[in-house]
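S.K.: Can you keep this structure in mind? I'll have questions shortly.
The values are calculated or read from the model by the stated rules, or taken from the named source; none is laboratory data. Please read these numbers as outputs of a predicted model, since none were measured by experiment. Neighbour counts run over all protein chains shown; Cβ positions are idealised from the backbone, glycine included. Please note that ligands, DNA and RNA were not included when accessible areas were found on the heavy atoms of the full protein model with its side chains. Shrake-Rupley method; radii C 1.70, N 1.55, O 1.52, S 1.80 Å.
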Amino acid sequence: MAQMLRMAAALGSVLVVVTACAAGGQSAGSTQSANSGGDVVEQASVPACGDRIDTLPGRVEGLSVTGEFPPRTGRDGDGTFAGTVTVTSTGAEIAGVATPEADVYVARGGEVVATPVAKDSVGQVVDLRAGTGQVFTARGTIARCAGGGVLAAGRYEVFAVVVVNRDDGPQVVVAGGPWPLEVT
């Protein structure tokens, strides 16, 4: 019952963010991984179109974030790309609820140029103990957030943010990236 209540509470209050920016010469079928951290904050904020991506939180002691995203996506496709984000405990114990899918932002030159795709998700339980991790799907779009259409061909970066509504305290916001993404 408590688990169902946590999931229901997460519907309106959980945020997961991932952001994208400049890519560097990887082959078309491969994926890339990187580590980063996050911050514990009182309330999560979401970068908007034109905001600086460096407003994302820094490291969270005891947590790391890795991501795997395709190095390239084409302007001639459906306008989306998909990857995964893994939040791993390197010592911190976090229990709560998060959405099962990370939000993905695309940035160029440090500025948000594409915002997350709409989603309708039910919360999932997060129970991280030292040495354990949890995987979140991460779907992004190359649709420009200002003016419509798709992003111009070029190099961008992807960043990931996962927000966990903790059972015993404030939200935990864990940010990761950048991961390169080339729009062709």
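S.K.: What is the sum of charges around Ala153, taking Lys and Arg as +1, Asp and Glu as -1, for the other residues whose C-beta is under 11 Å from the C-beta of Ala153? Present the calculation step by step, with values, prior to reporting the outcome.
M.R.: Values: positive: Arg72, Arg75, Arg155; negative: Asp76, Glu182.
Result for the local shell: +1.
S.K.: Mind listing the phi-derived Karplus ³J(HN,Hα) values for segment 78-92, rounded to whole Hz, using 6.51, -1.76 and 1.60 with θ = phi - 60°, and x for any glycine or proline?
M.R.: Running phi through 6.51 cos²θ - 1.76 cosθ + 1.60 with θ = phi - 60° gives 7, x, 10, 9, 9, x, 9, 10, 10, 9, 10, 7, 9, x, 6 Hz.
S.K.: Work out, step by step, the length gained on full extension between Arg139 and Val117: first 0.36 nm times the residue separation, then minus their alpha carbon distance; give nm to one decimal.
M.R.: Working: separation 22, 0.36 × 22 = 7.92 nm, distance 0.73 nm.
Here the segment from Arg139 to Val117 would lengthen by 7.2 nm.
S.K.: Rounded, prolate or oblate, given the Cα gyration tensor of segment 115-184, with a/c below 1.5 counting as rounded? All intermediate terms of the calculation are to be shown ahead of the outcome.
M.R.: Numbers: a/c = 2.88, a/b = 2.00, b/c = 1.44.
Prolate is the answer for segment 115-184, as a/c is 1.5 or above and a/b outweighs b/c.
S.K.: Between Asp127 and Arg59, what length in nm is gained on full extension when 0.36 nm per residue of separation is reduced by their alpha carbon distance?
M.R.: Here the segment from Asp127 to Arg59 would lengthen by 22.6 nm.
S.K.: I've got another one for you. Please list the three semi-axes, largest first and in whole Å, of the ellipsoid equivalent to segment 73-157, using sqrt of 5 times the eigenvalues of its alpha carbon gyration tensor.
M.R.: Equivalent ellipsoid of segment 73-157: 30, 14, 11 Å, largest first.
S.K.: Mind giving me the nanometre distance, one decimal, between the label points for Asp167 and Arg155, set 7 Å out from Cα along Cα→Cβ?
M.R.: 4.5
S.K.: Among 50-59, 97-106, how do they line up by average Cβ neighbours within 10 Å per residue, starting with the highest?
M.R.: For the peptides 50-59, 97-106, the packing ranking is 97-106, 50-59.
S.K.: Residues with beta-carbon under 13 Å from that of Pro100, excluding Pro100: net charge, scoring Lys, Arg +1 and Asp, Glu -1?
M.R.: -1
S.K.: With a 1.4 Å probe and all protein chains left in place, how much accessible area per residue does segment 67-184 have, in Å²?
M.R.: Accessible area per residue, segment 67-184: 39 Å².
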